[in-house]
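Below: the structure, in structure tokens.
The values are calculated or read from the model by the stated rules, or taken from the named source; none is laboratory data. If you're wondering where the values come from, they're calculated on a predicted model, not measured in any experiment. Please note: Cβ atoms are built from the backbone with ideal geometry, for glycine as well, and neighbour counts cover all protein chains shown.
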Amino acid sequence: MRKTLSALPAALAVAALAVALAGCSAPAAQSADGFDENGCATSGPASESVKVTGDFGKEPTVKFDKNLTVENTQRSVVIKGKGEAAALGSDLAVDLVLYDAAKSTELIPYSGQPQSLTLDEASLLSGIVDTLNCAKEGERVVGVVPPSRAFGSDGQTDIGVAPDATLIFVVDVVAIVPPVTPSEWTEGVPTVAYDAAGIPTVTLPDGPIPTELQLAVLKQGDGKVVARGDSVTVDYQGTSWDTKTIFDESFTKDAATFSTSGVIKGFEAALVGQKVGSTVIVVIPPELAYGTDPAAHELGGQTLVFLIDIQDTKAP
């Protein structure tokens, strides 16, 4: 007899959880009817019909009618939390149980080991973003997710999700860290000069190294606004304030294209909310760059300065 995930060791269940949360390509958009005025996925008959009992932080007992279906993700709060609500870009620690609605099958058991994730549709399943966006710390939420916001017609054989499966998530939100936002950089901003070929020289001022994430807009563009999770195209130059040396740049090469969710936190924060055509300069402390441990990364413990020309942005 084939083992179910609930019979597997905890480490394998945790690995399966990562698969279950991972985003898939080109998810269908949630209709406007699926969100409230605050942009939160709304409750509905399907999510309200899922009966969940048990204490927060402990394995829940979950009962639901077989073959639940929805057109949009429906999200209901079972246990209310408190504090600031999660937003796109928030870092969360969660524990959850996942079911296939049609088969009433538990696909991922409650592990008792909260997992960290960033609320970003570029890297997470759209339905789990719908379920967790607007949740509060200490909250237990139910998400009933249609195939179009889950694994679609392909399913996910690694964890036993059938094609066109509706999924049910029951999630405990253990902790929330809001998205990082830079403050305006007004004093001690480096000077920037470009040569005839358009190659910049960034001159760092004398004085103490900044300790906070700060950003200055050197040129304001008039293009699209970069959203969290977008694929952006930029030219950039990175300088270590500690060593006064350039450690990476694209101005003498080709412009770089990547997801905002695929870079260090401080760099992502510098991009989100800016317009295409803008040039910005940002100073990033170690904890929002490559960490504070010099032994863990060659740039560990160093404060970084990035000059960034934003050329394009596209939704995932």
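Annotations for the structure displayed:
- Pick from region 72-107, criterion touching a helix residue (DSSP H, G or I) at 6+ places or on another chain (Cβ under 8 Å) and either part of a loop (DSSP other than H, G, I, E, B) or among the hydroxyl-bearing types (S, T, Y) (or both), ranking: nearest to D33 (Cα to Cα): N72
- Residues that are modelled with pLDDT under 95 and surrounded by fewer than 17 Cβ atoms within 10 Å (Cβ to Cβ) within region 173-186 comprise V177, P178, T181, listed in sequence order.
- Between G143, G152, G188, the distinction of being in the same structural domain as W241 (by TED's automatic domain parsing), of a type outside the set (D, E, K, R) and either in contact with a helix residue (DSSP H, G or I) (Cβ under 7 Å, 6 or more places away or on another chain) or at positive phi (or both) belongs to G188 only.
- Residues located in region 183-197, provided they are over 33 Å from the mean Cα position of the chain (by Cα) and small (G, A, S): A193, A196, A197
- Selection status of E121, assigned by TED's automatic domain parsing to the domain that holds V50, among the charged types (D, E, K, R) and surrounded by 17 or more Cβ atoms within 10 Å (Cβ to Cβ): yes
- Residues of region 135-161 satisfying the condition of being out of contact with any Lys or Arg (no Cβ under 7 Å at 6 or more places or on another chain), surrounded by fewer than 22 Cβ atoms within 10 Å (Cβ to Cβ), touching a residue at least 40 places away in the same chain (Cβ under 8 Å) and assigned to a loop (DSSP other than H, G, I, E, B): G160
- Among the residues listed as V170, V192, the single one being within 29 Å of G143 (Cα to Cα), surrounded by 14 or more Cβ atoms within 10 Å (Cβ to Cβ) and aliphatic (A, V, I, L, M): V170
- Counting only strands (runs of 3 or more DSSP E) that fall entirely inside region 231-305 and contain at least 3 residues that are among the β-branched types (V, I, T) and either surrounded by 20 or more Cβ atoms within 10 Å (Cβ to Cβ) or touching a Phe, Trp or Tyr at 6+ places or on another chain (Cβ under 9 Å) (or both), the qualifying elements are 231-240, 279-284.
- Candidates are the residues of region 195-229 that are under 25 Å from V276 (Cβ atoms) and of a type in the set (D, E, K, R); the one that is surrounded by the most Cβ atoms within 10 Å (Cβ to Cβ) is R228.
- Among the residues of region 306-316, those that are among the aliphatic types (A, V, I, L, M) and either under 23 Å from the mean Cα position of the chain (by Cα) or surrounded by fewer than 20 Cβ atoms within 10 Å (Cβ to Cβ) (or both) comprise I308, I310, A315.
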